[in-house]
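A short write-up of the structure that comes next.
What follows draws every value from the coordinates through simple rules; no lab data is involved. All of these numbers come straight from a predicted model, not from anything done at the bench. Here Cβ is always computed from backbone atoms with ideal geometry, including for glycine, and neighbour counts include all displayed protein chains.
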Amino acid sequence: MAVAVRPDWRAELAYRVRKLFWLKLLGTTLWTTLFFVGYFYLLRHPAYAVTVMPLTWVDRAVPFQPAMLWPYLSLWFYIGIAPGLQRDFRQLLVYGLWTMVLMGGGLLIFHFWPTAVPPLTIDRAGHPGFALLEGVDGSGNASPSMHVASAVFTAMRVHAVLREIGAPATLRLANAVWAVLIAWSTVAVRQHVALDVLGGAMLGLAVAALSLRWRPASSYHADRP
């Protein structure tokens, strides 16, 4: 009879990364692509009048920080970590279903309540990378910030895995710092306002909390990592 045992965290982390690697990579890429099809459709064809999100004292206090474009763009790597750490196909499938809840919820909000950030008062095009960003992503679909929602959801799911496998506190701290930098960057590069960040954080927290409550448990056996 196999005895339930939790392996060393390094071996477990390596096992999770290797397991179903190509399925995780292709699945995450496909789902992100499908989300953007809906995202850009709603961005270009809002169903209702667009609400311009108001500025707050937070927006006035945070300076424009061009260097924060790199944490902003890093989200597209970061969101692949949590699905990459799911231990088996069942966990991966359920994780994917919860991301559908997250992204589908965001798209529903964008459909019924189109929003946009206020017009920029600075010229970002002179800074490297911003011309491309402005050409790809407009000022619409502002609230909730799906950038922040995705980062918060990912952070909580990665934290749960790291805690489960007994990873050191430094890794859990690095995960939290990465998510905070992504959220901060959305305001620092003027892609969102503070209220967008708040809405995105609330959406990400709510869906992540539900997903952690209803998810398959990991099973460890002595005959494998």
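Go ahead and run the numbers for FRET between Phe21 and Leu132, Cβ-Cβ distance against an R0 of 41 Å, rounding to 0.05. Plugging the Cβ-Cβ distance into 1/(1 + (r/R0)^6) gives 0.90. Build a GNM of the chain with springs between Cα atoms under 10 Å: which of Pro118, Pro83, Pro144 gets the top mean-square fluctuation? Evaluated over the chain, the most mobile residue of the options is Pro118.
Mind telling me which of Thr186, Thr29, Thr170 comes out most flexible in a GNM of the chain, alpha-carbon contacts under 10 Å? Evaluated over the chain, the most mobile residue of the options is Thr170. The charge dipole of the chain, taken about the Cα centre with unit charges on the Cβ atoms of Lys, Arg (+1) and Asp, Glu (-1), comes to about 660 debye, rounded to the nearest 20. Between Leu34 and Ser219, 0.36 nm times their residue separation minus their Cα-Cα distance comes to what? Roughly 63.4 nm would be gained on extension. Measuring gaps between exposed loop sites in the chain (chymotrypsin sites (Phe, Trp or Tyr not before Pro); DSSP loop; at most 14 other Cβ atoms within 10 Å), the longest gap, sites not included, is 65-213. Given a Förster distance of 41 angstrom, what is the FRET efficiency for Asp123 paired with Met100, based on the Cβ-Cβ distance and rounded to 0.05? Once rounded, the FRET efficiency stands at 0.60. Annotation: amide H of Thr51 within the under-5 Å range of Thr115, Ala116, sequence separation 5 or more or interchain, hydrogens built in the peptide plane. Structure remark: mean-square fluctuation, Gaussian network model of the chain, C-alpha springs under 10 Å; the largest value among His192, His159, His147 belongs to His159.
Between Thr170 and His111, the modelled label-to-label distance comes to 4.7 nm, taking each label 7 Å out from Cα in the direction of the beta carbon.
Which one, Ser145, Tyr95, Leu181, projects farthest toward the positive side of the charge dipole computed for the chain from Cβ point charges (K/R +1, D/E -1)? Most positive-ward Cα: Tyr95. In the chain, helices alone account for a calculated mean residue ellipticity at 222 nm of -20000 deg cm²/dmol, with every DSSP H run of four or more residues adding -39,500 (n - 2.57). Each residue of the range 27-42 was assigned a 3J(HN,Hα) from its phi angle through the Karplus expression (A = 6.51, B = -1.76, C = 1.60, θ = phi - 60°), giving x, 5, 5, 5, 5, 5, 5, 5, 4, 5, 4, x, 4, 6, 5, 5 Hz with x at Gly and Pro. Remark: the range 52-144 carries a charge dipole of roughly 240 debye about the Cα centre, counting +1 on each Lys and Arg Cβ and -1 on each Asp and Glu Cβ. Which shape class, rounded, prolate or oblate, goes with the range 39-193 when its Cα gyration tensor gives a ≥ b ≥ c as root eigenvalues, a/c under 1.5 marks rounded, and past that a/b bigger than b/c marks prolate? It comes out oblate by the Cα gyration axes. Along the range 165-174 the Karplus relation, 6.51 cos²θ - 1.76 cosθ + 1.60 evaluated at θ = phi - 60°, assigns HN-Hα couplings of 8, x, 5, x, 4, 5, 5, 5, 5, 4 Hz to successive residues, with x for each Gly and Pro.
Using the Cα gyration tensor of the range 9-110, with a ≥ b ≥ c the square roots of its eigenvalues, what is the shape: rounded (a/c below 1.5), prolate (a/b larger than b/c) or oblate (neither)? In terms of gyration-tensor shape, oblate. Selection among Ala47, Tyr220, Gly106 by position relative to the dipole of the chain gives Tyr220 as farthest towards the positive end (Cβ unit charges, Cα centre).
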